[in-house]
Amino acid sequence: MDYAVRPVAWVRSTRSQPTDDGWDAERASIELADDVPDEALEGLELFSHVVVVFLFDRASDAPPAPFARHPRGDETYPRVGIFAQRAKDRPNRLGVSTCRIATVEPRRLAVEGLDAIEGTPVLDLKAYLVQFGPRGEVRQPGWVDDLMAGYFADPAT
């Protein structure tokens with residue numbers, strides 16, 4: 001069964017290439033698509049964070065992507081399934097990031113921590129609600145800490 005989706009907004013970013021690290025050095029905003037009314041952002045300024053659902057429209061090998069691989073192609077990391085990693089080359093090319101809201105303006109949302117490049121189609125925005133966050137203990141394997149060490153780091157600091 002196929003489902004049709006359409007962009008509700010577009011990413012405007014200082015980064016145009018999907019390199020892996022240093023995302024906190026980038027500035028990003030989300031601009032509503034022409035057919036989305038201004039009122040769609042009403043009330044979002046009351047929240048600290050927003051969940052951004054976007055399309056990896058320029059992913060290199062998707063679809064179909066391999067369903068298991070070494071993260072970043074680095075054999076020092078274990079070979080794991082695609083659902084155990086956050087790679088951009090995915091079966092359905094969907095990205096999800098929880099971002100801090102910097103400002104909400106008419107037709108524009110400035111965010112921090114968005115790991116999407118200039119021109120990326122945004123499929124949905126959802127206010128982050130604590131009640132939808134993790135319940136109970138959160139765990140992850142140690143290799144993830146190593147892999148993510150520079151992901152959101154600002155190389156200038």
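At a glance:
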quantity: Rounded D (µm²/s) - the range 97-157, Kirkwood Rh over Cα pairs, Stokes-Einstein at 37 °C, 0.692 mPa s; calculated: 224 µm²/s
quantity: Backbone HN-Hα couplings from phi across the range 32-49 [Karplus 6.51/-1.76/1.60, Hz, Gly and Pro as x]; calculated: 4, 5, 4, 8, 9, x, 3, 4, 4, 8, 4, x, 5, 5, 7, 9, 8, 9
quantity: Radius, Kirkwood style, for the range 11-58 when every pair of distinct Cα atoms is counted (Å); calculated: 13.2 Å
quantity: Sorted by Cβ density within 10 Å, fewest first, the residues ARG135, ARG27, ARG69; calculated: ARG135, ARG27, ARG69
quantity: Most mobile of ASP115, ASP124, ASP146 in a GNM of the chain (Cα contacts under 10 Å); calculated: ASP146
quantity: Most mobile of VAL130, VAL96, VAL53 in a GNM of the chain (Cα contacts under 10 Å); calculated: VAL130
quantity: Computed lengthening from ALA102 to GLN140, 0.36 nm per intervening residue step minus Cα-Cα distance; calculated: 10.8 nm
quantity: Length released on extending from TYR3 to ASP57, taking residue separation times 0.36 nm less the Cα-Cα span; calculated: 17.8 nm
quantity: Residues TYR151, TYR3 arranged by fewest to most Cβ contacts within 10 Å; calculated: TYR3, TYR151
quantity: Difference of contour (0.36 nm per residue) and Cα-Cα distance, GLU75 to VAL130; calculated: 16.2 nm
quantity: Shape parameters for the range 9-147, alpha-carbon atoms, Rg then Dmax in Å; calculated: 16.1, 48
quantity: Derived scalar couplings ³J(HN,Hα) [the range 86-91; Karplus, 6.51 cos²θ - 1.76 cosθ + 1.60; whole Hz; x for Gly, Pro]; calculated: 10, 4, 6, 8, 10, x
quantity: Positive minus negative residues near GLU112 (Lys, Arg vs Asp, Glu; Cβ under 10 Å); calculated: 0
quantity: Residue with peak Gaussian network fluctuation, the chain [Cα springs, cutoff 10 Å], from PRO134, PRO121, PRO106; calculated: PRO134
quantity: Residues ARG27 and ILE82, FRET efficiency given R0 of 41 Å [Cβ-Cβ distance, rounded to 0.05]; calculated: 0.85
quantity: Likely footprinting exposure, ILE82, ILE117, fewest C-beta neighbours within 10 Å first; calculated: ILE82, ILE117
quantity: Radius 9 Å from Cβ of ILE30, net charge of other residues (Lys, Arg +1; Asp, Glu -1); calculated: +1
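Quick note: the coordinates plus some simple rules give every number you see, no bench work behind them. A quick note: this is a predicted structure, and the numbers were derived from the prediction, not measured. Glycine also receives a Cβ, built like all others from the backbone with ideal geometry; neighbour counts cover every protein chain displayed.
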